[in-house]
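Structure record follows, encoded as structure tokens.
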Amino acid sequence: MTIELFLNGEHKKLTAQADLALSQVLQLECRGVNPGCGKGYCGCCTVLLNGKLTYSCQIPFFSVKNQSIMTVEGIQTSNIFSDILKGMKRAKLDICDYCAPARTLSFYSLLKRADRPNNQEIQEVLSSIHCSCTHIPLLNQAIFYSLEEKYTRLHG
Amino acid sequence: MAKKEGINQIYQPRNWNDIIKIVDNKGNAQLYTGQWNKNLKVQGGLDLHSHLIVPQGLEELKRIGRTEEHIEVGALVSLEEFINTGKKILPIVLFDQIRKDFPLPLRNSLKVGHLLKGLQVSNPLILLLCLLDCSLERKTFKTGKKKTHLKTQWLYLQQHLQDKYSNGELLCTLRVPIYRWDHYLIRNIQYSGGLLTIIALADLTRGYVSDFRLGFIYEELKPLRNKEWEASIMGRKNLFNQKEKENIYQYLLDNGVPGDEEYLKPSLLMILDNLLYHFQDREY
């Protein structure tokens, strides 16, 4: 089936089998989507569906008609993305290639949603991706630094 | 080799009449209400089928309503929206359990329909919904001599679990009573026979039990709950005496839970002993 959708801000027509998971279709279009486990455990296929963090392996392809999907490629030009990169650099965070796109996207969704996220919100975002390449305290620190960078950019 | 089936056609009807027409014409059409796994799963857990009805156009299923006593949630409302809307009025235990079971990205994509049909009977959330006295609206397709019509029925979740799943039915609305349940306890006992989950909810007024619920869930068995105990506990200061605890253990054995005198019985008795202390320690 062919459906129309907005992928990273661009209007696109994608053709695929209707009963495929969205992650299976997106991995052919974007490099930032890993197929991962395909069961909703690892979180490596995370995308933003209508601005909300979602595991794309849990979304059927037919259900994204006319919806907006954002992968890590779509946020590369945003200011928040550069804040995240600076924050990660300051925290000396070195995440693996496998979870990096999903991790960055989850940081992005947090920073975009809240200026001062509480601890529970931060923990929820961190625990949504199950990759043991980095210590959680280090990821926490990277988020705090990213938030600082964002605050400095906005308020000087 | 059997031919692999897939979806031949996806229908997105806007009202119930359209759905009835599709069901009339395509007998094997299945209703999809927001759950998804590696293999396509619709209500009832069928893996593959040829026609799929996606009722996303039905506003009724996307609505969250509130009355004085209940909160009513449509089957196509996402779990995140559900718990965010009802954060101040929903029972804390339900809010906590959903957050614990489903990470944020899953809550954004899974719908309430998944809670009703996608979960296994052995999931503690099902027992919890039963203990909270949740009810649901079930629409069933009835084919008469001339035409198909819809039968709408409200029933308690526990009652629904006793029924066998029929192909042409859709669970439309979940109704959760507005009651905070200040104290709760969820415990698992893993023993040689399997995993037994215990959920207890209570409201205390000046140290006396003003309301109480107790339920058990064991592997494939339906939720176990005895309303007589609950009624007998209300107004007491101490929860169970030794004889009542023994009776509870016996009740579990009678209902198909494998016994274990060495580990299960002492663990169960200890949990039942400490229930009240646990409740009094934790004030929400």
### Query
If B:154, B:16 are ordered by their accessible area, calculated over protein heavy atoms with a 1.4 Å probe, which sequence runs from highest to lowest?
B:154, B:16
### Task
Provide a whole-number value for the mean count of partner chain Cβ atoms within 10 Å of the Cβ atoms in peptide A:46-57.
4
### Task
Please give the peptides A:62-72, B:232-242, A:98-108, A:36-46 ranked by average Cβ packing (other Cβ atoms within 10 Å per residue), highest first, as a rough proxy for protection.
A:98-108, A:36-46, A:62-72, B:232-242
### Task
Skip the ligands, DNA and RNA, and give the accessible area per residue of region A:1-142 with a 1.4 Å probe, whole Å².
48
## Note on the structure
Going through A:39/B:111; B:87/B:265; A:12/B:139; B:87/B:237; A:12/B:26; A:52/B:100 one by one, the pairs whose alpha carbons sit over 26 Å apart turn out to be B:87/B:265; A:12/B:139; B:87/B:237; A:12/B:26
### Cross-link reach list, aspartates and glutamates versus residue A:86, counting only Cα pairs under 12 Å and skipping chain neighbours closer than eight places
A:148, A:149
### Query
Under the definition of partner shielding as Cβ atoms of other protein chains within 10 Å of a residue Cβ, what is the mean value for peptide A:20-32?
1
#### Entry: For region A:78-155, size of Cβ-based charge dipole, Lys and Arg +1, Asp and Glu -1, in debye
200
#### Entry: Protein accessible surface hidden between B and A, which excludes ligands and nucleic acids, total in Å², probe 1.4 Å
1900
### Message
Below 19 Å, Cα to Cα, which aspartates and glutamates can residue A:150 reach? Residues fewer than 8 away in the same chain don't count.
### Response
A:83, A:115, A:121
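Leaving out ligands and nucleic acids, note down the accessible area per residue over region B:59-177 with a 1.4 angstrom probe, in whole Å².
That works out to 43 Å² per residue.
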### Query
Kirkwood hydrodynamic radius (Cα pairs, Å) of region A:1-84?
12.8
### Summary
Its Cα gyration tensor gives region A:78-155 an equivalent ellipsoid whose semi-axes in whole Å, largest first, are 18, 14, 11
### Query
What fraction of the Cα pairs in the protein assembly as shown, stated in percent, has a spacing above 42 angstrom?
24
### Message
For peptide A:59-65, what's the mean number of Cβ atoms from other chains within 10 Å of each residue's Cβ?
### Response
5
## Note on the structure
So the carbon and sulfur contribution to the accessible area of region B:167-284, 1.4 Å probe, in percent, is 46
### Query
When the scattering of chain A is computed by the Debye formula from its Cα atoms alone, each counted once and equally, what is log10 I(q)/I(0) at q = 0.18 Å⁻¹?
-1.04
### Message
What figure, in Å² to the nearest 10, do you get for the accessible area of residue B:278 with a 1.4 Å probe and non-protein molecules left out?
### Response
40
### Task
Just tell me which aspartates and glutamates come within less than 14 Å, Cα to Cα, of residue B:227; anything on the same chain fewer than 8 places away is out.
B:133, B:211, B:244
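The values are calculated or read from the model by the stated rules, or taken from the named source; none is laboratory data. The structure displayed is predicted, hence computed values, not measured ones. In this analysis, Cβ positions are derived from the backbone assuming ideal geometry, glycine residues included, and neighbour counts consider all displayed protein chains. Heads up: the accessible areas ignore ligands, DNA and RNA and are worked out on the full protein's heavy atoms, side chains in. Shrake-Rupley method; radii C 1.70, N 1.55, O 1.52, S 1.80 Å.
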